[in-house]
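To start, the structure itself, in structure tokens.
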Amino acid sequence: MKKALLLLNMGGANSLDDVEIFLTNMFNDPYILGIKNKFLRKFVAFMITKGRLKTAKHNYEQIGGKSPLCELTAKLCEKISSLQNEFEAVDFAMNYTSPFVKDVLKKYEKFDEIVLLP
């Protein structure tokens with residue numbers, strides 16, 4: 001039986017070009033902005049994103065131009081893989097930036113079981 005462990009996270013910008021994508025996806029999430037009306041939520045998300053973009057990019061510049069989240073999570077996956085033999089694959093996916101959950105799940109379509117760990 002092929003099993004995979006998939007670590008899930010919100011994500012973080014992988015480059016300065018990804019900052020806007022991250023903010024847009026995050027603020028369009030109905031769990032982040034609980035505005036029921038999709039059109040209104042999208043408008044408010046757009047306004048927040050545009051209002052925060054310059055500051056957010058500046059903050060990312062201060063930490064090297066990207067979030068360390070993907071690199072740290074990849075190292076965690078390697079460590080988990082080396083310490084166990086229950087899972088054939090240990091991987092990660094992000095909700096608001098790449099690697100996106102829908103894309104990562106495609107890699108494991110033929111697996112019998114996928115354990116998700118948020």
* Which of the lysines could be linked to residue 2 by a straight reach, that is with a Cα gap under 24 Å, when you skip same-chain ones fewer than 8 residues away? -> 75, 79, 102, 106, 107, 110
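Can you tell me the accessible area per residue over the chain, all protein chains present, probe 1.4 angstrom, in square angstrom?
Values: 7830 Å² over 118 residues.
Accessible area per residue: 66 Å².
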* Asked: With all protein chains present, how much of the accessible area of the chain (probe radius 1.4 Å) comes from carbon and sulfur, to the nearest whole percent?
  -> 59
* **Stokes-Einstein D for the chain, Kirkwood Rh over Cα pairs, 4 °C, 1.567 mPa s (µm²/s)** => 83
* To do: Before rounding to the nearest 500, sum -39500 (n - 2.57) across all DSSP H runs of length at least 4 in the chain and divide by the residue total; then give [θ] at 222 nm in deg cm²/dmol.
  => -15000 deg cm²/dmol
* Asked: Once Lys and Arg get +1 and Asp and Glu get -1 on their Cβ, which of 93, 69, 39 lies farthest toward the positive end of the dipole of the chain?
  -> 39
* **Net charge dipole size for the stretch 10-111 [Lys, Arg +1 and Asp, Glu -1 on Cβ; Debye, nearest 20]** => 600
* Structure fact -> Taking Cα atoms only, helix 38-62 is inclined relative to the longest principal axis of the chain by an angle, in degrees rounded to 10, of 80
* To do: Run down the aspartates and glutamates and flag those whose C-alpha is under 12 Å from the C-alpha of residue 54, throwing out any fewer than 8 positions away in its chain.
  => 17, 20
* Which whole-number percentage describes the relative contact order of the chain, with Cα contacts under 8 Å and a sequence gap of 6 or more? -> 51
* Where a Cα-Cα gap under 21 Å defines reach, which lysines qualify for residue 38, not counting those fewer than 8 residues away within the same chain? -> 50
* Asked: Picking from 83, 23, 105, which is most flexible by a Gaussian network model of the chain using Cα springs under 10 Å?
  -> 83
* To do: Could you work out the local net charge near residue 13, counting Lys and Arg as +1, Asp and Glu as -1, over the other residues with Cβ closer than 14 Å to its Cβ?
  => -1
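The values are calculated or read from the model by the stated rules, or taken from the named source; none is laboratory data. What you see is a predicted model; the values in this text were computed from it and never measured. All Cβ positions, even for glycine, are placed from backbone atoms using ideal geometry, and neighbour counts span all protein chains on display. What goes into the accessible areas is simple: the full protein's heavy atoms, side chains included, and nothing from ligands, DNA or RNA. Shrake-Rupley method; radii C 1.70, N 1.55, O 1.52, S 1.80 Å.
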